[in-house]
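Worksheet: the structure to be examined is printed underneath.
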Amino acid sequence: MRLFKRTLPPAAAPLSSRDFINGLFGLFNGRREIERFSNEIRTYFGVKHCFLVSSGRAALSLILSALHDLYPDRNEVIIPAYTCFSVPASIVRAGLKIRLCDIDAETLDFDYNQLNFLLSNKKFSSCNNRFLCIVPTHLFGIPSDIKRAKTIISDRDIPIIEDAAQAFGAEDKKLMLGTHGDVGFFSLGRGKAFSTVEGGVILTNRDDIAGRLAEKMAAIDCVNIIHLLALIVKAAALCIFTRPFLFWVPSIMSFLRLGETIYEPAYPIRRYSAFQAGLSRNWIEKINHFKKIRRKIVQKWINVAKVKNLYAYIQKRGVKYDLIRFPIRFDDASQRNRVLLRSSEFGLGIMPGYQTSIKRISSLEEYLGDQNCPQADRTAHILMTFPVHPFIEQRDINKIMAHLDEIR
Ligand SMILES: *Cc1c(COP(=O)(O)O)cnc(C)c1O
């Protein structure tokens, strides 16, 4: 156990006491505060429709059921085989079927040959309209090649849901991620690019999708007083404990299961609260500030990877990457695990990605049958991420480098 020692969180979008007070003010504004945030998002991203809900997975589940209303004869959703476990959980919850597409082990994006195969193979396209949608994912904030997915889809009418959960405010050559598909969503959860404790944002320019979403929104519950109190307590805890000099406190509480992704289809779907909208005030300034720092630290990690001869999933110097964690891999899994052990021993903020591929989630393995994904399986064993958040200092980077030297 590490008591009283500098401990880096793996990711952070810090909340200040000022934000917390804004949250309480937001509460008194009620609906108006939520509308303010939603209007600001529409303007900033230049989209027609925005919906705010309790989480990224709630957003995805509403999008899926809206699409299923529009295309009732289709029921399969194509997702990357290495992604957040909330994604398959949302598909199962919506009563739909998962179709895995393996990832490209070099980029973490889809294996586009396999995507092409899925969409053009007779076996899959015989009942041509089985695919409800495709979910390209900007993992860690690395832009997925949505143009390429669109080329493969070509003239078929298969909607794209852009999973930009980890990419709120992130850009790809000046274009905002989350606005390229038919519909996109962000997560405002802990450990994402920008956080209001929890939260999900849906963006779309399609009136038909927005119409269905509006109907679904009208039917979901508001937060009650218990949820609200829980949000307030969590916000206060985040304000206090995310700092490196106090992060040892949550890091020794194993019941928090920090950094683990859990497969759980029975999550709540609720509206966003005025308290959370209040927490978001000045969000544009804040994300610009976070982006500036994260871009700088990403460049430092790119250099470290070059110097130490490590495989980094992004390598181009001088390109602006809006990542929330910097993914890297160690081709020897046992070596990676030694780094992770050191990290928890010394509070270095290095984390694995997801524990397994989607295929190996124990409650899904049988159901996914012969859908294999060797690249995703392997990636789960060798990937790890370095922190890039605003608390990182040069001494932290030096410390991590020294530990890497000792291990290799
Ligand atoms: C976090 C995340 C989600 C789910 O968002 P929550 O707000 O945690 O429900 C979905 N997809 C990806 C890629 C994520 O990282």
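The values are calculated or read from the model by the stated rules, or taken from the named source; none is laboratory data. The structure presented is a predicted model; accordingly, all values stated were derived computationally and were not measured. Reconstructed Cβ throughout: ideal geometry from the backbone, glycine too, with neighbour counts over all protein chains shown.
Side notes on the structure shown:
- Residues in region 170-180 that are within 14 Å of the ligand (Cβ to nearest atom) and out of contact with any Phe, Trp or Tyr (no Cβ under 7 Å at 6 or more places or on another chain): A170, L177.
- Annotation: L228 fulfils all but one of (1) more than 15 Å from the ligand (Cβ to nearest atom); (2) buried (at least 16 other Cβ atoms within 10 Å of the Cβ); (3) in a loop (DSSP other than H, G, I, E, B); the unmet one is (3).
- Unique match (being part of a helix (DSSP H, G or I), of a type outside the set (F, W, Y) and within 14 Å of the ligand (Cβ to nearest atom)) among K147, K234, K216: K234
- Verdict on A193 being closer than 27 Å to P10 by Cβ, touching a Cys at 6+ places or on another chain (Cβ under 8 Å) and of a type outside the set (V, I, T): no
- Residue match in region 264-277 (condition: modelled with pLDDT under 95, farther than 28 Å from G95 by Cβ and within 16 Å of the ligand (Cβ to nearest atom)): no
- Verdict on I209 being surrounded by 14 or more Cβ atoms within 10 Å (Cβ to Cβ) and touching a Phe, Trp or Tyr at 6+ places or on another chain (Cβ under 7 Å): no
- Given (1) over 17 Å from L279 (Cα atoms); (2) touching a residue at least 60 places away in the same chain (Cβ under 8 Å), number of the condition T43 does not satisfy: (2)
- Listed by first and then second residue, the pairs linking a residue in region 1-18 that is in contact (Cβ under 8 Å) with a residue 60 or more places away in the chain and over 18 Å from M253 (Cβ atoms) to a residue that is in a loop (DSSP other than H, G, I, E, B) and small (G, A, S), with Cβ atoms under 9 Å apart and 6 or more places separating them unless they lie on different chains, are A13/G191; A13/A193; A13/S195; P14/S195; L15/S195.
- Residue in region 10-68 that is surrounded by the fewest Cβ atoms within 10 Å (Cβ to Cβ), counting only those that are among the aliphatic types (A, V, I, L, M), within 16 Å of the ligand (Cβ to nearest atom) and over 15 Å from F194 (Cβ atoms): L64
Residue-wise test of (1) more than 21 Å from Y354 (Cβ to Cβ); (2) among the basic types (K, R); (3) assigned to a helix (DSSP H, G or I); (4) touching a Ser or Thr at 6+ places or on another chain (Cβ under 8 Å).
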site: R18; (1), (2), (3), (4): yes, yes, yes, no
site: F37; (1), (2), (3), (4): yes, no, yes, yes
site: T43; (1), (2), (3), (4): yes, no, yes, no
site: A66; (1), (2), (3), (4): yes, no, yes, no
site: P88; (1), (2), (3), (4): no, no, yes, no
site: V92; (1), (2), (3), (4): no, no, yes, no
site: R99; (1), (2), (3), (4): no, yes, no, no
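- Close Cβ contacts (under 7 Å, 6 or more residues apart or on different chains) running from residues in region 208-232 that are in contact (Cβ under 8 Å) with a residue 12 or more places away in the chain to residues that are among the β-branched types (V, I, T) comprise I209/V183; A210/T204; L213/I202; I220/I269; L231/V197.
- Residue match in region 192-208 (condition: among the aliphatic types (A, V, I, L, M), in contact with an Asp or Glu (Cβ under 8 Å, 6 or more places away or on another chain) and either within 10 Å of the ligand (Cβ to nearest atom) or in a loop (DSSP other than H, G, I, E, B) (or both)): yes
- Matching residues in region 1-41 - criterion: being touching a Lys or Arg at 6+ places or on another chain (Cβ under 7 Å) and not aliphatic (A, V, I, L, M): P10, N22
- Scanning region 284-296 for residues that are under 18 Å from the mean Cα position of the chain (by Cα) and not basic (K, R) yields I287, F290.
- The residues of region 237-263 that are in a helix (DSSP H, G or I), in contact (Cβ under 8 Å) with a residue 40 or more places away in the chain and of a type outside the set (G, A, S), listed by number, are L238, C239, W248.
- Residues (buried (at least 17 other Cβ atoms within 10 Å of the Cβ) and not in a loop (DSSP other than H, G, I, E, B)) located in region 313-339: R325, F326, P327, I328, R329, R336, V339
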